[in-house]
Structures are given as structure tokens and as C-alpha cells.
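So the structure is just underneath, and the comments pick up after that.
Coordinate-derived values only; no laboratory data. For clarity, every value in this text was computed on a predicted model and none was experimentally measured. Cβ placement follows ideal geometry from the backbone for every residue including glycine, while neighbour counts extend to all protein chains displayed.
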Amino acid sequence: MSKTITCSAPVNIAVIKYWGKRDEELILPTNSSLSCTLSQDQLQTRTSVSFSPTYTKDRLWLNGKEEDVSKSARLRNCLSETRRLRSEYEASLEKKGNSSVAKLSQYFVHAASINNFPTAAGLASSASGYACFVFALCKLYELPISVSDMSRIARTGSGSACRSLFGGFVAWEMGQLKDGSDSQAVQIAPETHWPEIEAIILVVSDAKKATSSTSGMQTTVQTSELLQHRISEVVPRRMKEIIHAIEQKDFKAFAEITMKDSNQFHAVCLDTYPPICYLNDVSKKVIELLTAYNSGPDGIKAAYTFDAGPNAVIYAPKANIKELIQFISFYFPSPRSNPTAYFPDPLKIF
Ligand code: 2P0
């Protein structure tokens, strides 16, 4: 008996940033966060998972290159938790008198995952990657669990991954419990709620970032004084305000909070010692241009946000997108005429 499942998961881009863990192993954050999940046709991961009696160990290929599963605690966490839940499910079915339960939990798994965008360049590849991996495993094992339950498993692969299990506007509630059982993603509004909002991604650099998010946030927690102010006062207030702005479809409020939170996240990085600078001169030029664009008589028309890298994500209402692209292209004429995303079939990697 063997079986293969293929799934895809989109990237999410935070507007209230996650930065800092209170528990490194369980990946429990020091603050709640909120993101927008991009549509699947933009940035996505596609993953195939399979089990077979012929497999002799768990194996995973990322963009065609094999990763050593035994060396990744995060991959092992996701595999062992989904396998444990499968085994629990098998036992419960047997208890109910079902004598022909397939013992899927005893098989090894192979997984192949492909991103259609640069991996580890601050474009949230671990978010879509782990969300896709966990979702595919849950489907492979036919687990009767909720999406929020899946988000808690994905969180143990990469924090931001828990938010990619839902579409639309998604909060990762930090939770209070020590075991992380209340640290999960919840959907604030579905993708149909505010379809006028679009995202533009400016790839300033597709190079791998110098400081990984995991080690960067560790140093921040140890050294930044500004982080304490951020997690105790600023983020709790902003979470409420931005949820209200999303519910009311108040773009100006949404955009102002988004830009301020991006600015504060990068200020916290700079307040880390030794400092972390994810923004480069081009990123700063983008901030300058957007600030100028927003200073006209119509007020705020677009919001920038930057993750752990120099690439900008701009959120704006559909009505402003054409003008915005013309404006940006004028200052940053593209050296590549027609970049196309590659997307090989992950199944061919097995
Ligand atoms: C976010 N970032 O909220 C923030 C904003 C980057 C800047 O989540 O250690 O890759 O795997 O939990 O999820 C990046 O952190 O870190 C991130 P781990 P992750 O999207």
C-alpha cells in the first residue's frame, strides 16, 4: 500500500510582525502577529508527500536538493507529531470496533517541496514551506483535525508558517500556556472580505539573507530594550487597531499601522546588539518614494512593509495599482524584461 498527496500553500506577509520567541523549542512567540495571505498564483510552495512500505527512512527534497531530515529538529517535530496523531486516530478507530484500520503511522514518508520564488531571501519561504508540508501530511494521514490544530503543528516547523494555513487576514495569537496549546492561527477575515487590496512585491535582492530570522530574533530577545516596549505596549494596541481597520475596510488606518509596524520591527533589529540591518539603500529609497507618494492631497494610498530582508511588499487598493507601478517603474526601471517563475513538478523529484 502506498499513497501520494500533493498540496500547495501560499506565502503570508505580516503587517504586525512576529519577532522574538519565549520558547525556542516549541516556537512560542513574545508577541501576537497578523498577516495577509497572498493568493496562490503569486508566491507559493508546492509539496508532494507519500508513504510506501518500500521506504526505509523519512526523506525530503527541497527545490530538488535532498535535506537531511535527521538533522532538522523542526522537520522531525512536524513528522513525529502528525505520525503520533495518526497512531492515536488508528487506536481510536480500533477501539470503536473497526478491524481494518490502515496502519499508516508505521510507514516512512518521502516529501518533495518546491518554491516558485527565491528561498530564504526574506520572502517567507519557511512559512509556505512548513504550512504546505504539515497540511499535506495531515491529508496523507487523513487526520480529523481542525485547521487551527494544523497551524499549531506548522508553528513548530516555523513560527510564521502557522499563519499560512488560512487565507485572507490571519492572526497568530501568541497564547499564554507553557505547552503552546493556545498559540495558534485564527482567521480574522477571509480572502473574500476585502478583495480590493492587492500586494506588489519588489524583489530588491534574491540573495540568501545574512542573518537568519531564527538567530536574529534570538539576539534581539537577549539584547534589545526597545523589544520590551514593543511586546508589552505597542503590539497589543496595534493588534486591536488593525483588526478594527480590517473589519471596517479602513485602508488609511490599515496602511498607517502596517508602515509603522514595519518601521518599528526594523528599529528593533537595529536596537539589537550587534545590530541587524535587513534594509539596504534600495529599500530605504522605496520607503522615501512611498512616503512622497502618500503625501499628496489624497493622503495614504499605499503601504510598504519589509520582512527580514531588503525586499518590499506594498499593499494598495486595486484602483491605485496601475499608477503605483508606473511611479515605481519610473524610479526603478527593471533590468529584466520578463521574469518568469519556474515551477517544476515536485513528483518528478522522488
Ligand atoms: C513575520 N518574520 O511575522 C516576521 C517579520 C520576519 C519578519 O516570521 O524561527 O521564519 O522559523 O519561527 O517564522 C520570520 O520568522 O522564524 C518571520 P522561525 P520565521 O512574518
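For this structure, a couple of remarks:
- Using the Stokes-Einstein relation with a Kirkwood hydrodynamic radius computed over Cα pairs, the translational diffusion coefficient of region 1-103 at 20 °C and a viscosity of 1.002 mPa s comes to 125 µm²/s.
- Counted over all Cα-Cα pairs of region 132-207, pairs farther apart than 19 Å make up 46 percent.
- Think of it as helices only: each DSSP H run of n ≥ 4 in the chain is worth -39500 (n - 2.57), and spread over all residues that comes to -11500 deg cm²/dmol at 222 nm.
- Simple rule: put +1 on each Lys or Arg Cβ and -1 on each Asp or Glu Cβ in the chain, find the dipole, and look at L60, F108, Q44; the Cα lying farthest toward the positive end is F108.
- Here's the picture: charge each Lys and Arg Cβ at +1 and each Asp and Glu Cβ at -1 in the chain, and of F251, A9, A171 the one pushed furthest to the positive end of that dipole is A9.
- DSSP loop GluC sites (Glu not before Pro) with at most 13 other Cβ within 10 Å: longest gap in the chain: 197-350
- Compactness of the chain as Cα Rg over 2.2 N^0.38 Å, two decimals: 1.02
- Mean separation of Cα contacts under 8 Å (6+ apart) over length of the chain, as relative contact order %: 21 percent
- Contact order relative to length of region 30-177, as percent, for alpha carbon pairs under 8 angstrom and 6 or more apart: 39 percent
- For the pair region 310-336 / region 232-274, the C-alpha centres are spaced 22 Å from each other.
- Put simply, the C-alpha atoms of region 1-51 give a gyration tensor, and the ellipsoid matching it has half-axes of 29, 19, 6 Å, longest first.
- Using alpha-carbon coordinates, inclination of helix 281-293 to the longest axis of the chain, degrees: 60 degrees
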